[in-house]
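**Student:** Quick one: this structure, given as structure tokens, is what I'll be asking you about.
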Amino acid sequence: MDYAAVVALQILSGVATLVIVSLGLAVVFGMMRVINLAHGEFLMLGGYTAVLAYGRGVNLWIALLILPPIVVGLVGIVVERLLIRRLYGRMIDTMLATWGLSLALIGGVTMLFGNSVTGVSAPLGNFSVGQFHVSVYDIFLMFAAMALSMAVWAVLKFTPAGLLARGTMQNAEMASALGVAPDRVYAVTFAAGAALSGLAGGLIAPLSGVVPTMGTAFIAKAFITVITGGAAMLTGTLTASGLLGSVSTIFTFLTTPVFGEVALLIVAIVLLRLLPRGITGRFLRRSL
Amino acid sequence: MTPGARTGLEIGGAIIVAAVAAVYLPQLLELFALINATVWVSMAVLALSLGLVWGFGGILCFGQTAFFGLGGYTYAVASINFGDTTWAVPLALLLPTLLAAALGYLMFYGRISDVYMGVITLTTTLILFKFANSTAGDQWNIGEAPLGGFNGIPSTPPLNFPFAPDQQMVPEQIFVVAVICLAACYAIAKMVLRTRFGRVCVAIKENELRAELLGYDVRLHKLALFALSGLMAGLAGILFANCVFVSPTMFSLSYAGQVIIWVLVGGIGTLVGPVIGCVLVQWLTTYAGTLSWIDPNLLLGVVFMAAVLLVPKGLLPTASGLLAKLTGRGAA
């Protein structure tokens with residue numbers, strides 16, 4: 001019974017991690033049809049921001065939750081200006097340019113901070129379920145994933161900025177004719193996506209440790225989750241994370257972490273064969 | 001000049017270049033540089049295989065390394081078990097081709113669009129990467145060959161002359177074989193593109209719907225071209241295994257990315273371009289590795305961003321476009 005509870009918690013926390021690391025990519029892809037392969041490095045920058053700020057004596061929660069999105073959001077603004085803006089509508093070129101950016105960021109951070117693992121230990125301690133110990137931070141991550149998804153949903157649904165963003169997403173020309181500047185909407189969207197990635201980096205920093213190459217561990221998973229999710233960015237990411245995260249965690253328990261990842265990838269392939277437009281290409285099509 | 005004569009001329013040129021390289025480079029280069037050159041040639045075959053399927057079939061395969069690595073691993077495992085590389089080579093060409101055909105069936109007959117195709121191929125190579133990394137220990141022996149997990153198979157045997165297991169090739173001979181393979185792949189690709197099949201593939205790349213409405217089986221053509229490119233990538237894997245050894249990095253994300261960069265830098269829609277791009281980027285990577293003041297990744301990343309922004313068509317088409325402009329102006 002205790003074991004079942006722990007497994008269930010682990011599944012939920014696997015799903016939550018997937019939601020957190022995918023959300024920034026999903027916003028950028030869902031709104032702008034831009035696949036940002038430097039997403040993993042945005043996470044990494046968020047992680048570094050958190051660790052460096054904490055090392056300089058900043059309060060842990062400010063270092064984890066406040067500073068990373070601000071810093072990485074600013075980076076996002078610069079990247080959009082210099083790189084993404086020149087490549088709108090050229091999906092493959094954008095992917096390749098952001099891949100270059102990802103390499104450059106890995107290289108730059110390695111030069112600045114070296115190639116060693118740093119990190120902060122997970123705060124909040126443990127509680128026990130029977131004979132098992134569960135980290136409270138894992139539970140915190142589940143609530144963070146929920147809060148983030150709800151925040152994105154609320155911003156898109158209820159604020160004027162969200163309305164403009166959704167309108168531009170549906171029909172950029174029409175929005176432009178109605179007096180909205182799509183360029184500006186895209187710039188803000190990209191910065192918001194980058195900020196979400198930065199926040200994700202801060203959130204997972206206590207779990208994964210921070211190295212210049214930490215992004216590569218997440219980019220493939222996030223990419224696959226977002227694509228499997230399909231057109232509706234929030235519902236798609238949530239359903240895909242739910243499915244892929246559970247499969248991966250269950251297989252990790254049954255076999256090894258490696259086969260957990262392999263199972264995740266195989267399920268994604270089969271799913272795309274059955275639903276070529278992603279989960280929300282078939283189900284829940286009118287959702288956000 | 002008729003297109004046929006042009007193809008003949010290009011193939012002839014490639015054969016001459018290959019012959020010169022095969023005769024003179026082993027005399028000029030030291031052993032280490034020669035082995036390095038063999039690695040570059042094997043990479044060039046890989047670049048060519050992607051250049052074919054991306055530039056002429058419009059199929060952006062993110063996981064060309066899946067076939068590359070599978071070719072290498074099959075070759076290593078089979079030649080250790082057979083004690084002779086004669087039958088290991090055809091087997092190592094067959095398996096990647098079959099994998100490409102199976103993947104192609106999933107993707108093309110499922111009518112999956114290009115972004116999703118990128119994800120599926122990338123995922124495949126990542127699965128193989130993860131799997132190969134987890135095969136440490138004795139339970140992962142195939143026959144007499146240990147898969148070796150993260151370390152790969154350091155005892156990958158070099159090629160021997162056909163049916164003569166004790167006559168192993170020396171690095172000079174392997175270099176010659178690699179150059180011949182590269183020239184042969186180029187010639188085969190050129191000739192395939194001249195056939196009716198090849199021209200239908202190009203038509204599909206230009207406008208898939210129109211080709212389909214004209215009655216061509218789009219799915220079958222894409223499948224066949226994809227399988228051919230899988231075969232070439234497998235060959236590249238065999239050559240690579242001969243000068244380094246097989247290890248999970250053959251499947252890794254960074255290799256998978258580099259192949260795309262080579263083709264992009266060299267020029268999509270050409271066959272020489274990917275080879276040039278491969279050699280240039282390899283040279284740059286090696287050179288960047290020797291610099292102490294800058295991280296190689298940083299330099300490479302900046303070059304890629306610049307390549308996409310400044311020469312989006314790739315070096316070769318941009319250069320030949322400039323040349324045509326200059327000579328055209330000169331004539332007028």
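**Student:** For region B:133-148, give me each residue that is at the interface with chain A (Cβ under 10 Å from one of its Cβ atoms) and touching a residue at least 24 places away in the same chain (Cβ under 8 Å).
**Tutor:** Within region B:133-148, just B:N133 meets the criteria.
**Student:** What pairs come up if the first residue lies in region B:109-123 and is more than 8 Å from every other protein chain (Cβ to nearest Cβ), the second is surrounded by fewer than 18 Cβ atoms within 10 Å (Cβ to Cβ) and basic (K, R), and their beta carbons are under 8 Å apart, counting only those six or more places apart or on different chains?
**Tutor:** These pairs meet every condition: B:Y109/B:R219.
**Student:** Just need a number here: residues in region B:298-327 that are open to solvent by less than 50 Å² (accessible area, probe 1.4 Å) and within 30 Å of A:T213 (Cβ to Cβ).
**Tutor:** 11
**Student:** Let me ask something else about it. Can you find, within region A:83-126, the residue that is nearest to the other protein chains (Cβ to nearest Cβ) among those that are crowded, with 22+ Cβ neighbours inside 10 Å and touching a Pro at 6+ places or on another chain (Cβ under 7 Å)?
**Tutor:** Ranking the qualifying residues of region A:83-126, first place goes to A:I106.
This table checks each residue for (1) more than 30 Å from A:I92 (Cβ to Cβ); (2) in contact with a Leu (Cβ under 8 Å, 6 or more places away or on another chain); (3) buried (at least 24 other Cβ atoms within 10 Å of the Cβ).
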{"site": "B:A66", "(1), (2), (3)": "no, yes, yes"}
{"site": "B:G71", "(1), (2), (3)": "no, yes, yes"}
{"site": "B:T74", "(1), (2), (3)": "yes, yes, yes"}
{"site": "B:T86", "(1), (2), (3)": "yes, no, no"}
{"site": "B:L94", "(1), (2), (3)": "yes, no, no"}
{"site": "B:A101", "(1), (2), (3)": "no, yes, no"}
{"site": "B:Y105", "(1), (2), (3)": "no, yes, no"}
{"site": "B:S113", "(1), (2), (3)": "no, no, no"}
{"site": "B:T121", "(1), (2), (3)": "no, yes, yes"}
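**Student:** Out of B:G257, B:G269, B:G289, B:G277, I need the residue that is open to solvent by 30 Å² or more (accessible area, probe 1.4 Å) and under 19 Å from B:I59 (Cβ atoms). Which one?
**Tutor:** B:G269
**Student:** Looking at (1) part of a loop (DSSP other than H, G, I, E, B); (2) within 22 Å of B:G12 (Cα to Cα); (3) not small (G, A, S), can you tell me which one B:Y216 breaks?
**Tutor:** Among (1) part of a loop (DSSP other than H, G, I, E, B); (2) within 22 Å of B:G12 (Cα to Cα); (3) not small (G, A, S), B:Y216 violates only (2).
**Student:** Shifting gears a bit: Among the candidates B:T327, B:T270, B:T286, B:T249, single out the residue that is among the hydroxyl-bearing types (S, T, Y), outside any helix (DSSP H, G or I) and more than 10 Å from chain A (Cβ to nearest Cβ).
**Tutor:** B:T270
**Student:** Right, next: Quick one: how many residues across region A:49-70 are at pLDDT 85 or above, within 23 Å of A:K221 (Cβ to Cβ) and within 16 Å of the chain's Cα centre (by Cα)?
**Tutor:** Looking only at that region, the number is 3.
**Student:** Search region A:214-226 for residues that are closer than 13 Å to B:S254 by Cα and pair each with any residue that is buried (at least 23 other Cβ atoms within 10 Å of the Cβ) and polar (S, T, N, Q) when their beta-carbon atoms are under 9 Å apart and the residues are at least 6 apart or on different chains.
**Tutor:** Taking only residues 6 or more apart or on different chains, the pairs are A:G215/A:S102; A:T216/A:S102; A:I219/A:S102; A:A220/B:T123.
**Student:** Ok, one more. Report yes if A:A144 is surrounded by fewer than 17 Cβ atoms within 10 Å (Cβ to Cβ), under 21 Å from A:G24 (Cα atoms) and away from every other protein chain (no Cβ under 14 Å), otherwise no.
**Tutor:** No.
**Student:** Among what's in region A:129-158 and is of a type outside the set (A, V, I, L, M, F, W, C) and not in a helix (DSSP H, G or I), pick the residue that is modelled with the highest pLDDT.
**Tutor:** Among residues in region A:129-158 that are of a type outside the set (A, V, I, L, M, F, W, C) and not in a helix (DSSP H, G or I), the one modelled with the highest pLDDT is A:S135.
**Student:** Moving on. Does region A:182-202 contain at least one residue that is more than 14 Å from chain B (Cβ to nearest Cβ), part of a loop (DSSP other than H, G, I, E, B), open to solvent by 10 Å² or more (accessible area, probe 1.4 Å) and over 28 Å from B:V119 (Cα atoms)?
**Tutor:** no
**Student:** Can you tell me which of B:K205, B:K190, B:K222 is charged (D, E, K, R) and in contact with a Leu (Cβ under 7 Å, 6 or more places away or on another chain)?
**Tutor:** Criteria check complete, one pass: B:K190.
**Student:** Quick check on my filter: what residues within region B:114-160 are among the charged types (D, E, K, R) and under 25 Å from the mean Cα position of the chain (by Cα)?
**Tutor:** Answer for region B:114-160, where residues must be among the charged types (D, E, K, R) and under 25 Å from the mean Cα position of the chain (by Cα): B:D114, B:K130.
**Student:** Quick one: in region B:289-324, of everything that is of a type in the set (A, V, I, L, M) and away from every other protein chain (no Cβ under 12 Å), which residue is nearest to B:S254 (Cα to Cα)?
**Tutor:** By that ranking, first place goes to B:L315.
**Student:** Given the structure, is A:M174 at pLDDT 85 or above and open to solvent by 60 Å² or more (accessible area, probe 1.4 Å)?
**Tutor:** Considered against the rule, which asks whether it is at pLDDT 85 or above and open to solvent by 60 Å² or more (accessible area, probe 1.4 Å), A:M174 comes out as yes.
**Student:** For region B:165-185, which residues satisfy the criterion of being within 14 Å of the chain's Cα centre (by Cα) and within 19 Å of B:Y24 (Cβ to Cβ)?
**Tutor:** The answer is B:A178, B:V179, B:C181, B:L182, B:A183.
**Student:** Six or more apart or on different chains, Cβ atoms under 6 Å: show the pairs whose first residue is in region B:53-81 and among the small types (G, A, S) and whose second is open to solvent by 10 Å² or more (accessible area, probe 1.4 Å) and not in a helix (DSSP H, G or I).
**Tutor:** Listed by first residue and then by second, the contacts come to B:G55/B:I268; B:G55/B:G269; B:A76/B:T156; B:S79/B:P157.
**Student:** Would you confirm whether any residue within region A:66-76 is within 14 Å of chain B (Cβ to nearest Cβ) and open to solvent by less than 10 Å² (accessible area, probe 1.4 Å)?
**Tutor:** Looking for residues that are within 14 Å of chain B (Cβ to nearest Cβ) and open to solvent by less than 10 Å² (accessible area, probe 1.4 Å), one finds none in region A:66-76, hence no.
**Student:** Take the conditions assigned to a helix (DSSP H, G or I), surrounded by 15 or more Cβ atoms within 10 Å (Cβ to Cβ) and in contact (Cβ under 8 Å) with a residue 12 or more places away in the chain and apply them to A:A161. Does it pass?
**Tutor:** Criteria not met by A:A161.
The values are calculated or read from the model by the stated rules, or taken from the named source; none is laboratory data. Note that the structure is predicted; figures quoted are calculated from it, not measured. A quick note on method: Cβ atoms are made from the backbone with ideal geometry, for glycine too, and the neighbour counts reach across all protein chains shown. Surface accessibility is based on the protein's heavy atoms, side chains included, excluding ligands, DNA and RNA. Shrake-Rupley method; radii C 1.70, N 1.55, O 1.52, S 1.80 Å.
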